[in-house]
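Novice: Starting off with a structure, shown below.
The values are calculated or read from the model by the stated rules, or taken from the named source; none is laboratory data. Small disclaimer: the values here were computed from a predicted structure and weren't measured. Ideal geometry is used to build each Cβ from the backbone, glycine not excepted, and the neighbour counts take in all protein chains shown.
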Amino acid sequence: MSSETEQPDPNTYNFAAIEAKWPSVWDRLGTFTPADDGSRGRRYVLDMFPYPSGDLHMGHAEAFAMGDVVARYYRQQGFDVLHPIGWDSFGLPAENAAIKRNAHPAEWTYTNIETQANSFRRYAISVDWSRRLQTSDPEYYRWTQWLFLRFFEKGLAYRKDHPVNWCPRDQTVLANEQVVNGACERCGSVVTKKTLNQWYFRITDYADRLLDDMEQLEGHWPERVLAMQRNWIGRSAGAHVTFTIEPADGQPERAVPVFTTRPDTLHGATFFVVAADSELASDLVTFDHAAALSTYLEQVKSLTDIERQATDREKTGVFTGRYAVNPLNSELLPVWAADYVLSDYGTGAIMAVPAHDQRDLDFARAFDLPVRMVVDTGDEDPAVTGTATTGDGTLINSGELNGLPKEQAIARAIELVTLQGTGEQTVNYRLRDWLLSRQRFWGTPIPIIHCSDCGEVAVPDDQLPVTLPENLRGEELSPKGTSPLAAVEEWVNVPCPQCGGDARRDTDTMDTFVDSSWYFLRFVSPHLTDAPFDSDAVNRWLPVGQYVGGVEHAILHLLYSRFFTKVLYDLGLVSFTEPFSALLNQGQVLNGGKAMSKSLGNGVDLGEQLDRFGVDAVRLTMIFASPPEDDVDWADVSPSGATKFLARAWRLGTDVTSNPGVDPAGGDRGLRSITHRMVADSAALLQNNKFNVVIARLMELVNATRKAIDSGPGGEDPAVREAAEAIAVVLSLFAPYTAEDLWERLGHQASVASAGWPTVDEGLLVQATVTAVVQVQGKVRDRLEVAPDISEEELRELALATDQVKRTLDGREIRTVIVRAPKLVNIVPR
RNA sequence: GCCCCAGUAGCCCAAUGGCAGAGGCAGGAGACUUAAAAUCUUCACAGUGUGGGUUCGAGUCCCACCUGGGGCACCA
């Protein structure tokens with residue numbers, strides 16, 4: 001290119017030159033290190049930390065641009081801002097890469113982290129680099145283990161045998177939250193079930209608080225995230241009612257509770273169903289029916305979760321040979337085993353009320369079981385229509401519940417079973433305990449030692465961290481269904497901390513979501529060596545004032561972090577119960593209406609975009625494209641337009657000829673008014689995360705300033721300097737390089753990032769005259785230029801006197817006149 | 001099936017219940033230029049997904065529906 005040999009023009013915007021100039025200056029000034037001295041209000045702004053999978057991509061560019069706008073805004077407003085960054089650096093991709101390259105996962109991980117860190121520096125996110133952390137550092141995971149042991153002590157971490165989700169490709173278990181439509185959310189393989197002994201966190205103990213505390217987040221978190229969490233927790237109120245299973249075939253009587261949300265329909269129960277794959281089913285089944293059950297079970301187990309969950313599937317099941325006694329009317333109900341009843345929800349058994357539950361009705365019709373209507377909803381008999389009725393109505397065929405409306409009947413039925421001692425009011429949740437152990441290498445080792453005499457023994461705190469062996473390579477890490485750690489004899493075999501006898505380390509590692517459930521606390525005191533975090537400092541800075549990240553974490557990470565925070569609150573380690581006061585979900589970056597992907601070949605490389613348009617232009621484009629929570633389609637936006645705008649803004653610096661510090665009071669009032677309105681509006685817009693509109697306001701002001709220079713009062717007018725300086729400060733939130741350079745060209749010292757938000761002169765927000773709209777019956781008929789402080793009376797008189805109004809009214813009588821001084825009059829004729 | 005969100009100009013998007021347009025992209029015209037790029041000036045384009053309702057007045061509030069996106073789903 002010939003431009004390489006040409007002398008650069010100092011009055012031409014050259015983003016590459018500007019990008020080279022400022023980072024070292026910012027480092028020297030320490031602009032982004034919080035003082036934490038109490039002299040200013042504190043704000044904690046956090047982006048969800050990245051996973052180090054290669055270099056940064058367009059999605060990172062959007063999310064981190066958003067978080068940076070917020071951090072930079074609070075700094076301009078005079079707050080002491082904590083804005084850190086780190087890496088969520090444990091996880092499967094590193095392990096898979098290591099297997100492929102015959103290397104250790106750390107190599108791939110830390111190389112990628114350096115790459116990303118360099119890209120973040122180039123991208124000019126305003127973070128305090130001294131707080132950087134990696135969850136795969138022993139100094140970090142030592143405290144993940146320490147926290148695990150506190151959970152363990154409280155009984156919140158426990159092991160149990162249970163059928164779990166198993167990913168056959170990744171050869172590891174998955175949490176419920178990681179299974180999407182019956183497939184592994186990471187690799188897409190169809191998930192199978194396996195009964196294994198695994199570690200769990202007792203998150204279900206916190207279900208109520210996780211639900212109830214959402215009240216604090218209402219209005220500050222996106223409604224859909226709250227809705228998703230509510231859905232996920234799935235609280236339903238109802239009752240436990242215990243049915244007695246009659247003895248049969250030499251088998252004893254047995255009491256089996258069911259969960260129901262409709263105890264009012266107890267008299268409508270015509271059969272009883274237990275989950276086919278539950279222990280209960282095999283316990284109950286009589287000798288005569290055992291063979292049928294086991295055949296059925298074979299058939300059920302051959303189905304994948306996806307097949308099993310298809311809602312339009314025909315109902316299947318087998319009779320167990322047993323009968324249950326309805327506690328309210330002593331009727332005998334046949335007990336069936338079926339796969340439409342889930343073994344791990346409720347009690348794994350239900351009373352079937354076919355008239356008022358569609359699933360039960362489908363089953364009744366398939367097996368020719370009786371249907372008895374007990375709530376008269378005014379609809380036709382479900383036995384005839386095949387449609388169960390679930391609405392409100394009056395109880396019938398129900399003994400002493402007869403005549404009651406549904407809600408009262410529910411309450412009365414609960415009373416009855418409670419008095420009888422056969423039931424009680426209760427609440428059930430869809431949420432299950434959090435399965436946290438993984439049979440993989442690259443994660444936090446579970447700090448437990450298994451001793452044949454002492455059982456599960458915690459590794460003593462002073463022996464933490466339990467570090468990962470460093471000598472494993474390639475194939476030694478490949479998934480075998482048990483953790484690769486199990487094969488490392490010298491690592492596994494240790495004396496029991498309690499009795500000193502031979503014992504073995506737990507060889508599983510933790511789900512990486514454990515690592516990320518507390519990193520926001522570690523950032524406050526990242527180098528602390530005797531505790532996971534400094535509680536006083538944490539209580540000073542948290543909860544996080546603004547959390548920014550993708551909606552893909554709406555349930556997983558956010559629910560787990562909320563759970564951790566509540567447990568830490570109960571342990572007295574933090575003084576708040578919700579970690580993130582406000583949440584902003586940025587949209588996705590698409591290309592041509594679709595998510596960028598290799599298979600579609602529509603990927604856009606971030607580095608290339610930065611080279612072509614400059615960092616500031618890419619940041620500006622991301623923010624300006626749409627409201628933060630909407631998707632950005634890269635095919636619809638114009639980074640070159642952003643570069644042009646930045647050049648326009650930057651060139652103002654060349655044309656401002658007054659000196660820094662000049663009093664703007666005598667400057668052009670029109671321009672001053674636009675400047676002050678932009679500054680005032682921007683502050684309000686930023687509070688509401690309307691970043692895209694702030695940029696539109698900035699563009700407006702740049703246009704007005706240009707006009708003032710070229711065809712108005714000229715570049716020497718102090719109002720022009722005032723405007724240009726305001727532009728530099730507000731622009732610094734979005735385009736830090738350009739803003740810094742403009743600020744320098746305006747004769748100021750770095751850094752514009754700490755220049756302070758411009759003070760708004762309220763007097764300049766008031767316009768000399770405003771346009772009042774005169775309507776007749778809601779239709780605009782005339783406009784009047786009036787003083788902004790005109791009285792309602794005056795305006796009314798003026799409006800009624802206009803020719804347009806007289807002509808439109810045409811002698812009609814006036815019913816009312818609505819006056820909203822100084823902007824509007826609406827005259828309503830009879 | 002249930003729940004949440006969104007539909008404004010060719011496109012991306014603005015608009016405390018008060019004149020539908022702030023900003024940008026793409027497009028037309030012009031100035032500058034030998035020419036082009038860059039820059040500057042300027043212009044056009046919709047009545048707000050559909051149907052009702054509330055109101056003096058609805059893009060905005062309410063109801064129903066349509067379309068698109070997302071979540072949950074054999075959860076008793």
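Novice: Please work out which one of (1) basic (K, R); (2) buried (at least 23 other Cβ atoms within 10 Å of the Cβ); (3) under 30 Å from A:R142 (Cα atoms) is the condition A:R619 fails and give its number.
Specialist: Evaluating A:R619 over (1) basic (K, R); (2) buried (at least 23 other Cβ atoms within 10 Å of the Cβ); (3) under 30 Å from A:R142 (Cα atoms) leaves (3) as the failure.
Every residue, every condition in (1) surrounded by 15 or more Cβ atoms within 10 Å (Cβ to Cβ); (2) under 22 Å from A:H553 (Cβ atoms); (3) at pLDDT below 85, yes or no:
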site	(1), (2), (3)
A:E185	yes, yes, yes
A:G188	no, yes, yes
A:V191	yes, yes, yes
A:Q198	yes, no, no
A:T204	yes, yes, no
A:D208	no, no, no
A:M214	yes, yes, no
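Novice: Follow-up question, since we're still on this one. State which residue is nearest to A:K707 (Cα to Cα) when the search covers only region A:617-656 and only residues that are free of Cβ contacts under 8 Å to residues at least 40 places away in the same chain and within 9 Å of RNA strand B (Cβ to nearest atom).
Specialist: Ranking the candidates gives A:K644 first.
Novice: Let me ask you something else. Residues in region A:419-427: is at least one away from RNA strand B (no atom under 15 Å from the Cβ), in a helix (DSSP H, G or I) and more than 19 Å from A:T144 (Cα to Cα)?
Specialist: Scanning region A:419-427 turns up at least one residue that is away from RNA strand B (no atom under 15 Å from the Cβ), in a helix (DSSP H, G or I) and more than 19 Å from A:T144 (Cα to Cα).
Novice: Against the definition (without any contact (Cβ under 8 Å) to a residue 40 or more places away in the chain, aliphatic (A, V, I, L, M) and assigned to a helix (DSSP H, G or I)), how does A:A704 come out, yes or no?
Specialist: The answer is yes for A:A704.
Novice: Which residues, counting only those in region A:626-681, are touching a helix residue (DSSP H, G or I) at 6+ places or on another chain (Cβ under 9 Å), part of a helix (DSSP H, G or I) and aliphatic (A, V, I, L, M)?
Specialist: Result: A:A642, A:L646, A:A647, A:A649, A:L652, A:A665, A:L671, A:I674, A:M678, A:V679, A:A680.
Novice: In this structure, is A:D511 within 30 Å of A:A63 (Cα to Cα), more than 16 Å from RNA strand B (Cβ to nearest atom) and either among the acidic types (D, E) or more than 33 Å from the chain's Cα centre (by Cα) (or both)?
Specialist: When the stated conditions are applied, A:D511 passes them.
Novice: Can I ask one more? I'm trying to understand the selection: among the residues of region A:569-598, which are under 13 Å from the mean Cα position of the chain (by Cα) and either surrounded by fewer than 19 Cβ atoms within 10 Å (Cβ to Cβ) or within 16 Å of RNA strand B (Cβ to nearest atom) (or both)?
Specialist: Within region A:569-598, A:S581, A:A582, A:L583, A:L584, A:N585, A:Q586, A:G587 meet the criteria.
Novice: Then there is this: Within region A:78-115, restricting attention to residues that are crowded, with 21+ Cβ neighbours inside 10 Å and touching a Leu at 6+ places or on another chain (Cβ under 6 Å), which residue is nearest to A:L46 (Cα to Cα)?
Specialist: Restricting to residues being crowded, with 21+ Cβ neighbours inside 10 Å and touching a Leu at 6+ places or on another chain (Cβ under 6 Å), the top hit is A:G86.
Novice: Please state which one of A:G54, A:G67 is closer than 30 Å to A:K644 by Cβ and either away from RNA strand B (no atom under 16 Å from the Cβ) or among the basic types (K, R) (or both).
Specialist: A:G67
Novice: Also: Which one is farthest from the chain's Cα centre (by Cα) among residues in region A:219-238 that are among the charged types (D, E, K, R) and more than 6 Å from RNA strand B (Cβ to nearest atom)?
Specialist: A:R235
Novice: With the structure loaded, tell me whether A:S302 is more than 9 Å from RNA strand B (Cβ to nearest atom), of a type in the set (G, A, S) and on the phi < 0 side of the Ramachandran plot or whether it fails that test.
Specialist: Spelling it out, A:S302 is indeed more than 9 Å from RNA strand B (Cβ to nearest atom), of a type in the set (G, A, S) and on the phi < 0 side of the Ramachandran plot.
Novice: Okay, moving on. For region A:742-830, list the helices (runs of 4 or more DSSP H) that sit wholly inside it and hold at least 1 residues that are within 16 Å of RNA strand B (Cβ to nearest atom) and modelled with pLDDT of 85 or more; which are they?
Specialist: Ranges flagged: A:762-765, A:792-800.
Novice: Next question, about the same structure. Using beta carbons and a limit of 7 Å, which pairs, at least six apart or on different chains, have the first residue in region A:83-95 and of a type in the set (D, E, K, R) and the second one assigned to a helix (DSSP H, G or I)?
Specialist: Correct list of pairs: A:D88/A:T512; A:D88/A:D515; A:E95/A:P105; A:E95/A:L477.
Novice: Counting just the residues of region A:604-616 that are part of a loop (DSSP other than H, G, I, E, B) and touching a helix residue (DSSP H, G or I) at 6+ places or on another chain (Cβ under 8 Å), which one comes out surrounded by the most Cβ atoms within 10 Å (Cβ to Cβ)?
Specialist: A:G614
Novice: Something else: Within region A:464-506, how many residues are over 29 Å from A:T195 (Cα atoms) and buried (at least 19 other Cβ atoms within 10 Å of the Cβ)?
Specialist: Number satisfying all stated conditions: 2.
Novice: Now for a separate question. Return the total of residues in region A:677-712 being more than 7 Å from RNA strand B (Cβ to nearest atom), more than 21 Å from A:R72 (Cβ to Cβ) and not polar (S, T, N, Q).
Specialist: Number satisfying all stated conditions: 5.
Novice: Something else about it: (1) within 30 Å of A:P543 (Cβ to Cβ); (2) acidic (D, E); (3) surrounded by fewer than 18 Cβ atoms within 10 Å (Cβ to Cβ): which one isn't true of A:E177, the others all being true?
Specialist: (3) is the only condition that A:E177 fails.
Novice: Which of (1) within 16 Å of RNA strand B (Cβ to nearest atom); (2) not in a helix (DSSP H, G or I) is the odd one out, the single condition A:K160 does not satisfy?
Specialist: So the condition that A:K160 fails would be (1).
Novice: Could you list, in sequence order, all residues of region A:725-734 that are within 14 Å of RNA strand B (Cβ to nearest atom) and of a type outside the set (F, W, Y)?
Specialist: Within region A:725-734, A:I727, A:V730, A:L731 qualify.
Novice: Same structure, new question: It is to be established whether one or more residues within region A:343-359 are of a type outside the set (A, V, I, L, M, F, W, C), within 14 Å of RNA strand B (Cβ to nearest atom), in contact with a Phe, Trp or Tyr (Cβ under 8 Å, 6 or more places away or on another chain) and assigned to a helix (DSSP H, G or I).
Specialist: Yes, the conditions are met somewhere in region A:343-359.
Novice: Here is a list: A:E298, A:E331, A:E253. Which entry is surrounded by fewer than 22 Cβ atoms within 10 Å (Cβ to Cβ) and over 30 Å from A:R412 (Cα atoms)?
Specialist: It is A:E298.
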